[in-house]
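Notes to accompany the following structure.
The values are calculated or read from the model by the stated rules, or taken from the named source; none is laboratory data. Just so we're clear, the structure is a prediction, and the values are computed from it rather than from any experiment. All Cβ positions, glycine included, derive from the backbone under ideal geometry; neighbour counts span all protein chains shown.
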Amino acid sequence: MTNREIATLILIGVVILWALTRADFRKCFRGVIRALFRRSIVKVLLPYLAYAGFVVWLALLVGAWSTDLLKDAILIALTVGFPMVFNATSTSDGGSLTRKTLRDVLGLSAILVFYVNLASLSIIGELVIQTVASFAVMMSVFAKHQGGKSLVIARFMDGLLVVIGLFLMAVTTAELVNSWTNIEELAGIGFTLAMSIWLPLALLPFIYVLAFYAACKSLFVALKFFNDRKTQHWKARMAILLGFRGSVRYASNFTGHWLYEIASLTTYPEARRVMGEYRSSVRAAATKKRAAVKRLRENAGVDGVSEDGRRLDQREFEGTKKLLDQLAMFQMGQHRNRLHHYNPDILAAIGRRGQFDLPDEHGVEMSVSPDGQRWYAWRRTISGWVLGAGGTKDIDERWVYEGPKPPRSYPNRSTEWTTTDGLFSAPDWRSESE
C-alpha cells in the first residue's frame, strides 16, 4: 500500500474510533451494519462481487490483468462499483448510464485523481494534507449550502483545494521525472490506468440488468395498489416483461395512467396491446424532447416571440419554472401546515446547489410581506427574461409572472400578475399542449 492509502486508513480509523465514543453514533452504526446484511442487500452484493470476480478472471486469461493489480481491482470494485450498484435504481436508461460511467472514468477529474495518486508524500505529510483537504471540502459544501456571505468562505476553501491539487501534481511530476527510466514501473502504471477504465465499463452489463430488475420489481409492487391489492395475472405480467423488451428506459418510465390501464388486465393479448401503445408513446415523447432541444439550440439568443406568444429563446425557462414551483409548494406547505404565514427564510430550504440544470447560484430573489400573508419570488433567465411565482392569503390560488423586468408588487388582480387558472397573459407559463 502507498503512504497515501495508509494515511487514509489511519484517518478513517481515527474518525471511527472517535465516533464510537458517542452513543448516538454507535446506535446508528449498528443499524447500518444490520442493514448491510439484510437479505435484500446481500442477494444483490454477492452476485455483484461474483460478477466482478468473473470479469477479472477473464481479464487474467487474456493477459489484461495480473495479481499485482489485485489491490487496485478491489478498490475499483468497492469505490466505483458499489456506488454504481446502489444507484442502479435511479437509472433511467442505458444510454445515460453509459455516458455517466464514461464521464466518471475518462473525465478530467478522474484523470487528475489518477495522476496525483501515482506518487505520495511521507505518512506525516499525507496525514496533514488529507486532513486539511477534508476540512476544506466540508467547509466549502456547508458554505455553498448556506449561500449569501458564506460564499466568500466557500471560494476561499475552493482556492485552497486548488493549491493542494497543484502541489500534489508538482510532487507527482517530479517523482515521475526521476523514475521515467524504470520501464517496469511505467508498464505497471499503464496497466493500472487501463484497468481503471475497462473494469468500470465491464461492470455495466451487470448494473444494467440490475437496474432493469429493480424497475420491474418496483412496478409490480405498485400495480397491486391499482388492482385492489391483488397480484396481477401471470399472463399480463409476462406481457409486461416482454413488452419492455429488456429496456430500462421502458421499464423505468411506466407510470401515470399506464398503471391504471394495465393493472386489472388478465389476458396476454390485452396487456400486449397496451404495451405496444406505451412503447409508441415513449418514442413519441423522445422525438418531442429532441425537437425541443433542437429549438432551444436554434433560438439561443434570438429575440421575439413565436405564433403562440411564447419567447423564442427559452433557455433556462423549464428549470426556472420548476425551481419557482418548488418554492411555491414549500411556501404553501409552511402556511397551511405549520406557520400559518409565508416563510421569509424558505430559500434556505432550497439551498444554493445547482438543480433543474440551473447554475449553482440560481439567482432567485424573494420577498414576503410584513404580515406574512403575501409573497413573491422571481429569477432572471440567461436571456434576460424574468419569470416569477407568488401567493396571497388565499393559499390555494397560484400566481405567476413574466416580463422583461422584475415584478414591482405582490400578486393581485390589478397588477401584471396572473393566476394559473388563466395564463393568457403569461404564455411562457403555459404547457405546450395548452
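Residues in the stretch 234-258 that are crowded, with 17+ Cβ neighbours inside 10 Å and more than 32 Å from the chain's Cα centre (by Cα): A236 alone.
Condition check ((1) surrounded by fewer than 18 Cβ atoms within 10 Å (Cβ to Cβ); (2) modelled with pLDDT of 90 or more) across all residues:
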position: L201; (1), (2): yes, yes
position: F206; (1), (2): no, yes
position: Y213; (1), (2): yes, yes
position: A222; (1), (2): yes, no
position: D228; (1), (2): yes, no
position: Q232; (1), (2): no, no
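Taking the conditions (1) free of Cβ contacts under 8 Å to residues at least 12 places away in the same chain; (2) closer than 30 Å to S247 by Cβ; (3) surrounded by 12 or more Cβ atoms within 10 Å (Cβ to Cβ) in turn, I111 satisfies each one other than (2).
Going by the structure shown, is L312 in the same structural domain as V400 (by TED's automatic domain parsing), surrounded by 12 or more Cβ atoms within 10 Å (Cβ to Cβ), within 15 Å of W385 (Cβ to Cβ) and of a type in the set (A, V, I, L, M)? Spelling it out, it is not the case that L312 is in the same structural domain as V400 (by TED's automatic domain parsing), surrounded by 12 or more Cβ atoms within 10 Å (Cβ to Cβ), within 15 Å of W385 (Cβ to Cβ) and of a type in the set (A, V, I, L, M). Looking only at residues in the stretch 1-34 that are without any contact (Cβ under 8 Å) to a residue 60 or more places away in the chain and assigned to a loop (DSSP other than H, G, I, E, B), the one that is surrounded by the most Cβ atoms within 10 Å (Cβ to Cβ) is R22.
For the stretch 45-71, filtering for residues that are of a type outside the set (S, T, Y) and either buried (at least 17 other Cβ atoms within 10 Å of the Cβ) or not assigned by TED's automatic domain parsing to the domain that holds G107 (or both) leaves 6.
Among the numbered conditions (1) touching a Phe, Trp or Tyr at 6+ places or on another chain (Cβ under 6 Å); (2) part of a loop (DSSP other than H, G, I, E, B), the only one that G309 does not meet is (1). Of the residues making up the stretch 341-371, those that are at pLDDT 90 or above and on the phi > 0 side of the Ramachandran plot number 0. Within the stretch 163-187, the set of residues being modelled with pLDDT of 65 or more and hydroxyl-bearing (S, T, Y) comprises T172, T173, S179. Considering the stretch 72-95, the residues that are among the polar types (S, T, N, Q) and surrounded by 13 or more Cβ atoms within 10 Å (Cβ to Cβ) include one that is modelled with the highest pLDDT, namely N87. In the stretch 372-400, the residues that are at positive phi reach residues that are crowded, with 21+ Cβ neighbours inside 10 Å and hydroxyl-bearing (S, T, Y) with C-beta atoms within less than 8 angstrom, at least six apart or across chains, in these pairs: G372/Y342.
Looking only at the stretch 44-89, count every residue that is touching a residue at least 40 places away in the same chain (Cβ under 8 Å), in a helix (DSSP H, G or I) and of a type outside the set (S, T, N, Q) and tell me the total. Write out each step before concluding.
Applying the first criterion (touching a residue at least 40 places away in the same chain (Cβ under 8 Å)) to the stretch 44-89 yields 44-45, 47-48, 51-52, 55-56, 59, 64-66, 68-69, 71-73, 76-77, 80-81, 84-85, 88-89.
Among the residues that remain, those that are also in a helix (DSSP H, G or I) are: 44-45, 47-48, 51-52, 55-56, 59, 68-69, 71-73, 76-77, 80-81, 84-85, 88-89.
From what's left, of a type outside the set (S, T, N, Q): 44-45, 47-48, 51-52, 55-56, 59, 68-69, 71-73, 76-77, 80-81, 84-85, 88.
Residues in the stretch 44-89 being touching a residue at least 40 places away in the same chain (Cβ under 8 Å), in a helix (DSSP H, G or I) and of a type outside the set (S, T, N, Q): 21 in total.
One residue alone among G403, G388, G384 is over 30 Å from the mean Cα position of the chain (by Cα) and at pLDDT 85 or above, and that residue is G403.
Y410: modelled with pLDDT of 85 or more, of a type in the set (F, W, Y), within 31 Å of the chain's Cα centre (by Cα) and closer than 20 Å to W429 by Cα, yes or no? Criteria not met by Y410.
Restrict the check to the stretch 160-167 and report whether at least one residue is farther than 30 Å from Y48 by Cα, touching a residue at least 40 places away in the same chain (Cβ under 8 Å), within 31 Å of the chain's Cα centre (by Cα) and surrounded by fewer than 17 Cβ atoms within 10 Å (Cβ to Cβ). Even if it seems obvious, please write down each step before you answer.
The initial filter retains those residues of the stretch 160-167 that are farther than 30 Å from Y48 by Cα, namely 160-167.
Cutting the leftovers down to touching a residue at least 40 places away in the same chain (Cβ under 8 Å) gives us 165.
Those still in the list that are within 31 Å of the chain's Cα centre (by Cα) too: 165.
If we keep only those that are surrounded by fewer than 17 Cβ atoms within 10 Å (Cβ to Cβ) as well, we get 165.
There is at least one residue in the stretch 160-167 that is farther than 30 Å from Y48 by Cα, touching a residue at least 40 places away in the same chain (Cβ under 8 Å), within 31 Å of the chain's Cα centre (by Cα) and surrounded by fewer than 17 Cβ atoms within 10 Å (Cβ to Cβ).
Only one entry in V305, V274, V248 is under 26 Å from R430 (Cβ atoms) and outside the structural domain of G363 (by TED's automatic domain parsing), namely V305.
Taking the criterion of being modelled with pLDDT under 85, surrounded by fewer than 12 Cβ atoms within 10 Å (Cβ to Cβ), within 31 Å of the chain's Cα centre (by Cα) and not assigned by TED's automatic domain parsing to the domain that holds T8, would at least one residue in the stretch 130-144 satisfy it? No, the stretch 130-144 has no match at all.
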